[in-house]
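What follows is a short report on a single structure.
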């Protein structure tokens, strides 16, 4: 078997790169670094507008911290199931990997369900997207995060389907690692949002 | 947290082993569970600060919350995202974006007199 064939068969690109590292993984890390700028902009905008209510209800007036705490805990635990999925696939335990991937997607789904409930209850209490600058900034920030989580769920389900078809094996476990990096980043962003937006008092 | 170097990605051919060994050892599942427990405890502490009737944190509230947030951020990045075990270049790429973002937006918030 030629050297090229070994690399292609192995599924880990790092053996063929000039840096000796996986370029796919490096690209994901660069992408995540750029995502910091995106979320930094959205968080800063909310911080600047959070008290601008135009004499109408502010998002901070209707926060349900106990409920959001449970959502945060669910997302945090999904990072554990994600890393356990990678660990299982890396060991060649494909069925366990599949189970953990599905668990991660389900926990992500629970988080998104919680966010939909939260948004709905906010609107019922008079805080909609266009109510005031504070609500616009809040819905944009948390909505963008929700879209990221949703995309992560799509990626996780794609991995799950690939695994069911027998296309996700120990040899290409790096794919799980790449999706895992994205998923953990989404969790990290929520760690930041939960503290800065929800827990730190507005005034 | 010493239970590391249990899992390797695959079983490479003999001539690939040297390349493959570098930066590919990962913690055991038990180590991940322990990190998750620590994260859960910190989250519980964070939520605890919300109930001022139980304990008034006073001026220590915001610094405490930020400290706990940074610890959680660090644990997820280093353990779950494997920055602790992978090549330093990955961490540098991420840190570059993070530092740039923090710098740019601290300046932005300062310009708009957020801290006043």
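Any read-out appearing in this document is the output of simple, stated calculations on the displayed coordinates, not a laboratory observation. None of these values were measured; they are calculated from a predicted model. Here Cβ is always computed from backbone atoms with ideal geometry, including for glycine, and neighbour counts include all displayed protein chains.
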For the range A:46-67, how many residues meet the condition of being at the interface with chain B (Cβ under 9 Å from one of its Cβ atoms) and closer than 18 Å to residue A:194 by Cβ? 3
Every residue from the range A:179-203 that is buried (at least 18 other Cβ atoms within 10 Å of the Cβ) and more than 8 Å from every other protein chain (Cβ to nearest Cβ): A:179, A:182, A:183, A:186, A:189, A:190, A:193, A:197, A:198
Among (1) without any contact (Cβ under 8 Å) to a residue 40 or more places away in the chain; (2) surrounded by 15 or more Cβ atoms within 10 Å (Cβ to Cβ); (3) farther than 17 Å from residue A:53 by Cβ - the single one residue A:160 does not satisfy: (1)
Flagged in the range B:75-101 as assigned to a helix (DSSP H, G or I) and in contact with a strand residue (DSSP E or B) (Cβ under 7 Å, 6 or more places away or on another chain), in numbering order, are none
Based on this model, can you work out whether residue A:87 counts as within 12 Å of chain B (Cβ to nearest Cβ) and either in contact with a strand residue (DSSP E or B) (Cβ under 6 Å, 6 or more places away or on another chain) or surrounded by 22 or more Cβ atoms within 10 Å (Cβ to Cβ) (or both)? yes
Does residue A:59 satisfy the criteria of being more than 21 Å from residue A:152 (Cα to Cα), buried (at least 22 other Cβ atoms within 10 Å of the Cβ) and over 16 Å from the mean Cα position of the chain (by Cα)? yes
